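One structure is given here, and the rest of the page talks about it.
The values are calculated or read from the model by the stated rules, or taken from the named source; none is laboratory data. Keep in mind that this is a model prediction, so the values were computed, not measured. Here Cβ is always computed from backbone atoms with ideal geometry, including for glycine, and neighbour counts include all displayed protein chains.
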Amino acid sequence: MATTDAGMASGRTLFYRHGLLVRLSHWVNVLCMTALLYSGLQIFNAHPALYWGQYGADNDPSFISMVAEQEGDALKGVTHLGGLSFDTTGILGVSNVDGEAAVRGFPNWLTLPSYQDLASGRRWHFFFAWLFVINGFIYLAYGFVSRHFRRDLLPAAEELKPSHLGHEIVSHARLRFPKGAEARHYNTLQKLAYVAVIFVLLPLMIGTGLTMSPGFNAVAPWLLDLFGGRQSARTLHFLTAFSLVAFVAVHVAMVLVSGVFNNLRSMVTGYYDIGQGGKS
């Protein structure tokens with residue numbers, strides 16, 4: 001990675017931090033993850049409840065469910081989480097569709113397609129799932145061959161010391177981002193987050209997704225034992241998806257507070273001004 005003379009001459013220090021393949025894979029991931037989330041919620045709406053084990057149906061006990069209950073002349077959306085119940089009318093269980101209350105797990109503005117159609121949702125989901133997997137394998141191959149993972153994402157031993165981690169947590173909480181030479185590298189919290197996403201959450205997402213496929217179960221029946229059954233795999237798939245949503249929310253928040261233009265430029269052109277703040 002190198003700085004540019006033009007950038008330094010204009011009072012900026014532009015550092016080339018993202019290669020072309022990293023940038024392309026990032027934007028393909030943005031497209032795929034958005035489509036997968038929306039189409040996944042469409043699929044979930046076909047039966048908005050989660051179970052553990054081999055079986056799960058209307059009469060089986062669930063630990064998360066979004067239902068509609070009649071309250072007088074009106075429908076009330078209720079979300080059950082274990083033994084707790086919450087009124088979520090308008091968002092979960094019951095939401096507004098064309099001016100009328102409709103029974104839906106998630107509202108229509110969060111599903112692909114917006115209308116209730118399980119078959120279409122599955123087609124969208126499977127198409128973008130395979131695009132996501134292919135893109136992921138290309139990125140993994142690049143990461144290992146170019147030593148991107150070892151060079152940029154593997155934390156050093158001293159970075160994992162409690163004192164160092166505590167300092168970084170405090171700095172992030174105070175929105176103090178590194179500049180200059182320190183901004184050339186990911187900090188430890190970023191490294192740990194990216195490693196967790198790439199090597200834990202995404203493989204778990206793919207593995208649980210394949211486990212829910214009866215066709216793939218015929219090829220790899222051991223997946224059912226590994227995840228404790230198809231319903232357990234569905235639950236883990238759902239929870240992993242929302243763990244990724246939480247990661248993306250934090251990631252976007254850090255992009256906003258550390259410099260939107262600088263961060264977007266680095267992911268479009270590859271060049272980042274290391275005089276303006278840290279990576280996100």
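The set of residues from the range 34-57 being within 25 Å of Asp225 (Cα to Cα) and either in a helix (DSSP H, G or I) or among the aromatic types (Phe, Trp, Tyr) (or both) comprises Gly40, Ile43, Phe44, Tyr51, Trp52, Tyr55.
For the range 164-238, give me every one of the helices (runs of 4 or more DSSP H) that falls completely inside it and has 3 or more residues that are exposed (fewer than 15 other Cβ atoms within 10 Å of the Cβ). Let's see the steps before the verdict.
Numbers: elements: 188-196, 202-211, 214-219, 222-227.
Correct list: 214-219, 222-227.
Taking residues in the range 87-114 that are more than 18 Å from Ala49 (Cβ to Cβ) and in a strand (DSSP E or B), and partners anywhere that are β-branched (Val, Ile, Thr) and modelled with pLDDT under 95, the pairs with Cβ atoms closer than 7 Å and at least 6 places apart or on different chains are Ala101/Val94. For the range 223-250, a tally of residues being over 10 Å from the mean Cα position of the chain (by Cα) and over 30 Å from Asp60 (Cβ atoms) returns 1.
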